[in-house]
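These notes are about the structure you will find just below.
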Amino acid sequence: MNQQQLNNKLEKIKAKLLAIERPADNRIYLSCEAENSYAVNKFLFEDVPLRFVISTGIDSDDCFEILYHYAYDPTGCVVTVKAFIRDRENPAIESITPFLPAAEWIEREMHDLLGIDFKNHPNLKRLILADDWPEGVYPLRKEIKK
Amino acid sequence: MKKSVRKPVLAVGPFHPLQEEMEFFQLTVDGEIVTDIDVRISYNHRGIEKISESLQFDQVPFLVSRICGICSASHPLAYVQAVEEIAGVTIPDRARYVRTIIAEFERIHSHLLWAGLAGHFIGYDTVFMWAWKYREPVLDLLEEITGNRNNYGNVRVGGCREDIPDELIPKILVELDQIEKKTEMLTKAVLDDPVLHARLKGVGTLKRQDAISYAVTGPTARGSGVAIDVRADEPYAAYADLDWNVISQPEGDVFAKAVVRLLEVLEAVKIIRQALKKLPDGPVVIEVKEIPPGEGVGRAEAPRGETFHYVRSDGGNRPVRHKARAPSYVNVPSFKASCIGQHIADVTITLAAVDPCYSCTERLAVVDGNKVVFDYDALLKLSRRKTAELRKDAGVPELLKMEDL
């Protein structure tokens, strides 16, 4: 599959996306709402298929963003899905670990550091924070200063 | 009625003599056979991503080179590539080659380090002593070029901090011949040894399908027949200009991973030789004044696998978000696939086979009784003096001072 065929394949999931951006030949950014993230990720991992790299959780001004980075190695392309969680009080998103075991740790990490609830995660216990760290303090949120 | 019985759990860690870093494995065992494994990490979390948000773009490479003492070229390289992507900068040709050479020296010393440790873990200490002896000159060369044996801090946004002096090239070429000869000897000794065959073949097998679903990278993936390598898939630095091969083995066991690493050392020697031959003239750095708003991704093939950095800028002088993923973050969870069904005695080398790195480099102080003999500043002075002597002996100009940068 070359880059053009990869682009065409990504068009299939367009109905669930807010936008597709291509700032460079080998960089693609897809954005979607949190409720569509499970379907988009499942499509990318199982149907395209792409290699999962990592996720990034970002505390943006009015929402939380969960970025899922994938790589397509035959063309060296990095595909990033941006899922927006609008509810800042109780941020939650569907876990992708049930079909993608590689995401288990990073979802636990984002749960620790940003306080995001990954629904249906098989093992959502602490990974990064110490056992005696206080509940409800999330170090990677912007209100926590260094 | 069947009573539920709690299975015995064998706890390894968080402190144990095998690994020099802290990690906690809980092996559920049925007799000698491991039936489940639970890994706990982060006993040494330093909050690098959070600290990075408080530093300027130029300062971050020196921070991320301290993510790991061994991969201290790969992390800054991935980071600066992400920032250069945001700024749309093309770096000078010579800088691309210098970055390649440093990155490959790092691969050589890291793979030799692993080979030595792997030998040590299975009680073959001769391999340990050989491999570490051959690794030493590589560290000396890195010190002569960058000023440091580890934590080279040699990449900057826009190029490199230190150039490779032309006077040093003949010496590097002589050392490369030595490294190649000795690694060939070591590779032969390891690959022909019937005891090592018996000890490592069929042990800790990570199947191709598991390698894909756990998304492993580096020699862990290439040892399972997944021939991915960022250097070839998305060539950065000067890799696209050079002739080299991606090494992969289909078996997935510990032996296959050892073969991949040893052959990669020889490929690295090949890469450095070509890069030195083709080394273009010109500056190694261009000035990058402002980083515009935007986001960028940087990837580099560290000795252990793909290092991935994501940086977002809002147009200020600091990143608003910086995510770093080290290769062990995806390689270590694959223990769930490779250790289950193994004997306890085989788990040690299976765990070591992915060359796990828990990213730890600590400040050093030499203490005699309660008195600090050498503190950080004194050690820094000693180290600078040694580098200056090494470079003087080689007839190479002195390193840049921090205030000249």
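For the range B:15-156, a crude dipole built from +1 on the beta carbon of Lys and Arg and -1 on the beta carbon of Asp and Glu, taken about the Cα centre, is about 500 debye to the nearest 20. Only Cα pairs under 8 Å and 6+ residues apart enter the sum, and on that basis the relative contact order of the range A:3-90 stands at 28 percent.
Which value, in debye to the nearest 20, describes the size of the charge dipole of the protein assembly as shown about its Cα centre when Lys and Arg Cβ atoms bear +1, Asp and Glu Cβ atoms bear -1, and nothing else is charged?
About 580 debye.
Straight Cα distances below 13 angstrom link B:Lys257 to the aspartates and glutamates B:Asp355, with same-chain residues fewer than 8 positions distant left out. Under 5 Å from the amide H of B:Val320 lie the amide H atoms of B:Arg312, B:Ser313, B:Asp314, each residue being 5 or more positions distant or on a separate chain, with H modelled from the backbone and absent for Pro and chain starts. Taking a ≥ b ≥ c as the square roots of the eigenvalues of the alpha carbon gyration tensor, chain A is prolate, as a/c is not under 1.5 and a/b beats b/c.
Stretching B:Asn317 away from B:Lys7 to a fully extended chain increases their span by 106.2 nm, per 0.36 nm per residue minus the current alpha-carbon distance. Taking every DSSP beta bridge that has both ends in the protein assembly as shown, the antiparallel portion is near 85%. Note on A:101-110: average number of Cβ atoms from other chains within 10 Å of each residue's Cβ is 4.
Computed on chain B, with alpha-carbon pairs under 8 angstrom and 6+ residues apart, the relative contact order is 24 percent.
Per-residue Cβ neighbour counts within 10 Å put B:Met185, A:Met110 in the sequence B:Met185, A:Met110, beginning with the fewest. Placing +1 on each Lys and Arg Cβ and -1 on each Asp and Glu Cβ, with no other charges, gives the range B:9-362 a dipole about its Cα centre of roughly 260 debye.
Axis angle, to the nearest 10 degrees, between helix B:376-393 and the longest C-alpha principal axis of chain B: 70 degrees.
Between A:Asp62 and B:Arg46, the distance separating the two model label sites (each 7 Å from Cα on the Cα→Cβ line) works out to 3.9 nm.
Taking 7 Å steps out from each Cα toward its Cβ at B:Asp58 and A:Gln3 produces label points 3.3 nm apart. A DSSP coil position with no more than 11 other Cβ atoms inside 10 Å describes the following GluC sites (Glu not before Pro) in the range A:103-146: A:Glu135, A:Glu143. Near A:Ser60, the amide H atoms lying under 5 Å from its own belong to A:Glu65; only residues 5 or more places off or on other chains count, and H is placed 1.01 Å from N. Can you bin the protein assembly as shown into rounded, prolate or oblate? Criterion: square roots of the alpha carbon gyration tensor eigenvalues sorted a ≥ b ≥ c, rounded for a/c under 1.5, prolate for a/b above b/c, oblate for the rest. Because its axes are fairly even, with a/c under 1.5, the protein assembly as shown counts as rounded. Report note on the peptides B:277-289, B:78-90, B:304-316, B:125-137: ranked by the mean count of other C-beta atoms within 10 Å, highest first, their order is B:304-316, B:78-90, B:125-137, B:277-289. Residues A:His111, A:His121, ranked from the fewest to the most other C-beta atoms within 10 Å, line up as A:His121, A:His111. Taking each DSSP H run with n ≥ 4 as -39500 (n - 2.57) and averaging over every residue of the protein assembly as shown yields -11500 deg cm²/dmol at 222 nm.
Under the rule a/c < 1.5 gives rounded, and otherwise a/b versus b/c splits prolate from oblate, where does the range B:9-362 land using the Cα gyration tensor? Because a/c hits 1.5 or more and a/b fails to exceed b/c, the range B:9-362 counts as oblate. Loop-resident trypsin sites (Lys or Arg not before Pro) (DSSP state other than H, G, I, E or B) in the range B:157-204 with no more than 13 further Cβ atoms inside 10 Å of their Cβ: B:Lys201. In this structure, the amide hydrogen of B:Ile37, modeled 1.01 Å from its nitrogen in the peptide plane, lies closer than 5 angstrom to those of B:Thr28, counting only residues at least 5 positions away or on a different chain.
Go ahead and run the numbers for FRET between A:Glu21 and B:Asp125, Cβ-Cβ distance against an R0 of 41 Å, rounding to 0.05. FRET efficiency, A:Glu21 to B:Asp125: 0.15. Go through B:Lys50/B:Lys182; A:Lys42/B:Lys323; B:Lys7/B:Lys201; A:Lys119/B:Lys323 and tell me which ones have a Cα-Cα distance over 31 Å in this structure. Among B:Lys50/B:Lys182; A:Lys42/B:Lys323; B:Lys7/B:Lys201; A:Lys119/B:Lys323, the Cα-Cα distance tops 31 Å for B:Lys50/B:Lys182. Our coupling estimate for the range A:99-113, obtained by passing each phi through the Karplus curve with A = 6.51, B = -1.76, C = 1.60 and θ = phi - 60°, is 9, 9, x, 5, 8, 4, 5, 5, 5, 5, 5, 5, 4, 5, 8 Hz, Gly and Pro reported as x. Length gained on full extension, B:Asp36 to B:Ala232: 67.0 nm, using 0.36 nm per residue less the C-alpha separation.
Our coupling estimate for the range B:44-49, obtained by passing each phi through the Karplus curve with A = 6.51, B = -1.76, C = 1.60 and θ = phi - 60°, is 10, 5, 10, x, 4, 5 Hz, Gly and Pro reported as x. Converting phi to 3J(HN,Hα) with the Karplus coefficients 6.51, -1.76 and 1.60 and the offset θ = phi - 60°, the range B:266-272 yields 5, 4, 4, 4, 4, 4, 5 Hz in sequence order, with x at every glycine or proline. Remark: spin-label model distance A:Arg141-B:Ala378 equals 4.6 nm, labels positioned 7 Å along the Cα→Cβ axis.
Rule-based calculations on the coordinates, nothing more; no lab input. Predicted, not measured: the structure shown is a model, and the values here were computed from it. Here Cβ is always computed from backbone atoms with ideal geometry, including for glycine, and neighbour counts include all displayed protein chains.
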